[in-house]
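Presented below is the structure to which this report refers.
The values are calculated or read from the model by the stated rules, or taken from the named source; none is laboratory data. On a predicted model such as this, the values are computed, not experimentally measured, just so you know. Because the Cβ atoms are built from the backbone with ideal geometry, glycine has one as well, and the counts that use them run over all protein chains shown.
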Amino acid sequence: MSSSARDPEKFMPMLLARLRKARDIANTDDEGVLNSFKNMEQELESMKDLVPRVRHWEKTLFNHLNALERRLDKIIIGTETSAEAIAGALDGMAGYVEQIKVSIPK
């Protein structure tokens, strides 16, 4: 099932759970990577209530969230295993989070 077809109110908790799973699978002591995971979790936690509230920009939002999910999947399935690759994936994810933040209607 595509992510955009999921229940919007359940998507963010699921994405946060996948982020935590990716962090656990990464199993690294690299402080930079751990801080990136922590920052990503804080950013996503702060957005948790947005999905149910905002419908008119749902397509753009879910395109970015789907991109985040694909990046997490690369860590989870093991195609990105080095601290450098994981850090790069998290940097890319941070870009998507920024795009989400600037697209939030004021």
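Filtering segment 71-106 to residues that are under 19 Å from GLN42 (Cα atoms) and of a type in the set (Lys, Arg) leaves ARG71, LYS101.
Within segment 42-52, the set of residues being in a helix (DSSP H, G or I) and touching a helix residue (DSSP H, G or I) at 6+ places or on another chain (Cβ under 6 Å) comprises GLU43, LEU44, VAL51, PRO52. With respect to (1) assigned to a loop (DSSP other than H, G, I, E, B); (2) out of contact with any helix residue (DSSP H, G or I) (no Cβ under 6 Å at 6 or more places or on another chain); (3) modelled with pLDDT of 85 or more, the lone exception for THR28 is condition (2). Of all the residues in segment 12-31, those that are surrounded by fewer than 14 Cβ atoms within 10 Å (Cβ to Cβ) and touching a residue at least 12 places away in the same chain (Cβ under 8 Å) number 3. Quick check: anything in segment 46-65 within 11 Å of the chain's Cα centre (by Cα) and surrounded by fewer than 16 Cβ atoms within 10 Å (Cβ to Cβ)? No: segment 46-65 contains no residue that is within 11 Å of the chain's Cα centre (by Cα) and surrounded by fewer than 16 Cβ atoms within 10 Å (Cβ to Cβ).
Checked against the criteria, GLU69 counts as crowded, with 17+ Cβ neighbours inside 10 Å, under 23 Å from GLU9 (Cα atoms) and of a type outside the set (A, V, I, L, M). Looking at segment 62-94, which of the residues that are in contact (Cβ under 8 Å) with a residue 60 or more places away in the chain and either touching a Phe, Trp or Tyr at 6+ places or on another chain (Cβ under 8 Å) or of a type outside the set (Val, Ile, Thr) (or both) is farthest from SER36 (Cα to Cα)? For segment 62-94, the residue satisfying everything is ASN66.
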